[in-house]
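Asks: Questions regarding the structure given below will be posed in turn.
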Amino acid sequence: MSVYQSKDGRWVCGYPKGRDPERQGTTVKYFGRGPEAKREAEKSNLSLGLGSKIVQQESPLFIELANSYLTAREHIMAKSSYENLCIKMEGVIFPELGQEMAHRLTPDRLDQYVSTRARMVKRTTVHQELTYIRAVLRWAVSRRLLFSNPMEGFELPKRDDSRIQPPTKAEFDAILAKAVPHMKRAMWN
């Protein structure tokens, strides 16, 4: 029938019941993980006279994983942090990446995301968005919803935080001259 990869990463050869003379009551044979296991599964498939069809295992959409992540994190995160995460996901990340299958969020795809977003916002903002995406993917791997993190090894863009300089003496005096009385007290403390 087919060779496919299970969610836990093992290669599997699936076949009709009774096809394997050594294992009459079974319909699948499991192999290990990695390229050698894949070759063994393909060889087993061919030895059973089943051709060489390989089924690509699909992964959930990123939006599905992210919504599960948000549900799991709702009562763990500080309320303001959780709300900011939801706003960022719904307003920016979901429109761009939500309908992508999670396993397709590879470094190449994320480079496209960075390129698009960096034209609109600072790299620090893009860096934060990618941190959220990475958190969702890592969580999905820890919950065994994904076999591996497609973002693993992806280098986040460098932050471009700018240091806010305090006002000069002349700027401070100008602000103080226009400030209301209660603000003057705060500025002098």
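Asks: Using a basic spin-label model with each label point 7 Å from the Cα along Cα→Cβ, how many nm lie between ASP161 and GLN128?
Replies: Here the answer is 1.1 nm between the modelled labels.
Asks: Show me, bin by bin at 10 Å from 0, the whole-percent P(r) of the range 62-142 based on Cα pairs.
Replies: P(r) over the range 62-142, rounded to whole percents: 17, 55, 26, 2.
Asks: What FRET efficiency would be calculated for the residue pair SER80, ARG33, taking the C-beta separation as r and a Förster radius of 35 Å, to the nearest 0.05?
Replies: For SER80 and ARG33, the calculated efficiency is 0.30.
Asks: With viscosity set to 0.890 mPa s at 25 °C, what whole-number translational diffusion coefficient in µm²/s follows for the range 2-55 from Stokes-Einstein and a Kirkwood radius over Cα pairs?
Replies: The diffusion coefficient I find is 226 µm²/s.
Asks: Among all lysine pairs in the chain that are eight or more places apart or on different chains, how many have alpha carbons less than 18 angstrom apart?
Replies: 14
Asks: Same structure, new question: For the range 76-169, build the charge dipole from Cβ charges (+1 Lys, Arg; -1 Asp, Glu) around the Cα centre, then report which of ILE164, SER81, THR125 sits farthest towards its positive end.
Replies: Towards the positive end, the residue furthest out is ILE164.
Asks: Once you charge only the Cβ atoms, +1 for Lys and Arg and -1 for Asp and Glu, what is the size of the charge dipole of the chain about its Cα centre, to the nearest 20 debye?
Replies: 280 debye
Asks: Further question: Given the -39500 (n - 2.57) contribution per DSSP H run of 4+ residues, what per-residue ellipticity at 222 nm results for the chain, rounded to the nearest 500 deg cm²/dmol?
Replies: -14500 deg cm²/dmol, from helical runs alone.
Asks: Still on this model: Please name whichever of VAL92, ALA140, LEU176 sits farthest to the positive end of the charge dipole of the chain, dipole taken about the Cα centre and charges placed at Cβ: Lys and Arg +1, Asp and Glu -1.
Replies: Comparing the listed Cα positions along the dipole, LEU176 ranks first.
Asks: For the chain, what's the radius of gyration and Dmax over Cα atoms, in angstrom?
Replies: Gyration radius and largest Cα-Cα distance of the chain: 26.2, 93 Å.
No value in this document is a laboratory result; all are computed from the given coordinates. Treat the numbers as computed from the prediction; the structure is a model and nothing was measured. Heads up, the Cβs are rebuilt from the backbone with ideal geometry, glycines too, and the neighbour counts pull from every protein chain shown.
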